Amino acid sequence: MSDLIELYALIERVDRNETDPLTKITKAEELSAELNRLGDRLVGYFIEQARAAGHSWSDIGAHLGMSRQAAQQRYTPRQSALTMDDVLHGGAFKGLAPRARAAVTDAVEHARRLDHPTVRPTDLLLGLLGDPQALAVQMIIRLGADPDTIRSGLRQTGDGAPVVIPVEPATRTALGKALSEAIGLGHNYIGTEHLLLGILNDPNSEASQALTTAGVTLDAARETLRRIVEEIVRSRTD
């Protein structure tokens, strides 16, 4: 019965906005596509949650009665439909510190402003560079790089942003690497410093290459962060 109620609600939505029978077919097709995208996000959300909980593609495939490769081929595109809000609510990134969360939120706005079809690692980097007080920016400056120069070197055009902007797989990977960096350092939060390290983990991304060209390499950034943490600890014990 609930399915019928939902169906009639959708029918009413089309009927309410259109009068021409042929136009109604077009609008129904558009609404159906919208529901399919929402369904992909729903499934992708729980795939992301399972992956964040440590389940491999082999685990997921075995549970669904298919091979690891089949599960990956079937569900990776659905993960690609996830928005930044979807990813952040998946559970693994609940430890984002306030400045890091602001940078991630700003990344979506940069993607929208630059007309990007997805939230790219460059958008995440722009989100970091927008806060001069962020530890990530302080690390960049300590390494002799100029945040404004890095920002101006990033591509500022896109191919058209959809209403709901999904997160590019490379950006999800950068977020995952940020979490790994935080865990590896024994930190119980994800800060802007970890997001910077997460971006640098992928040497092939435009964001990482822009940083590396400016002298901000992964090893150098890790060492700089280690020194900053030591300074903070010493200042608290003095």
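A few notes on this one:
- The range 108-238 - Debye-derived log10 I(q)/I(0), Cα point model, q = 0.19 Å⁻¹: -1.05
- Here the relative contact order of the range 85-153, from alpha carbon pairs under 8 Å that lie six or more residues apart, stands at 23 percent.
- Dividing the helix sum by the residues of the chain, where each DSSP H run of 4 or more adds -39500 (n - 2.57), gives a mean residue ellipticity at 222 nm of -22000 deg cm²/dmol.
- For ILE190, the residues whose amide H sits under 5 Å from its own are LEU96, ALA97, ignoring neighbours fewer than 5 places away on the same chain, with H placed 1.01 Å from N.
- A dipole drawn for the range 1-80 from +1 and -1 charges on Cβ atoms has a positive end, and of THR26, LEU42, VAL14 the residue lying farthest that way is LEU42.
- Excluding exposed DSSP-loop trypsin sites (Lys or Arg not before Pro) (at most 14 other C-beta within 10 Å), longest clean stretch of the chain: 1-93
- Mean Cα-pair separation over length for the chain, i.e. relative contact order, pairs under 8 Å, 6 or more apart, %: 17
- Built amide H within the under 5 Å cut-off of VAL119, gap 5+: VAL167, GLU168
- The range 1-80: translational diffusion in µm²/s, Stokes-Einstein, Kirkwood Rh over Cα pairs, 37 °C, 0.692 mPa s: 221
- Computed from Cα atoms, the angle from the helix 218-237 axis to the main principal axis of the chain rounds to 70 degrees.
- C-alpha long axis of helix 68-79 to longest principal axis of the chain, angle in °: 90
- The range 138-149 - phi-based ³J(HN,Hα) in whole Hz, Karplus 6.51/-1.76/1.60, Gly and Pro as x: 5, 5, 4, 5, 4, 8, x, 9, 9, x, 5, 5
- Dipole magnitude of the chain about its Cα centre (Cβ charges: Lys, Arg +1; Asp, Glu -1), debye to nearest 20: 580
- To the nearest ten degrees, helix 98-113 and the longest principal axis of the Cα atoms of the chain are 60 degrees apart.
- By average C-beta atoms within 10 angstrom, highest first, the peptides 202-214, 122-134: 122-134, 202-214
Bear in mind these aren't lab numbers, they're just calculated from the coordinates by the rules spelled out. Bear in mind the structure is a predicted one, so any value in this text is a computation, not a measurement. In this analysis, Cβ positions are derived from the backbone assuming ideal geometry, glycine residues included, and neighbour counts consider all displayed protein chains.
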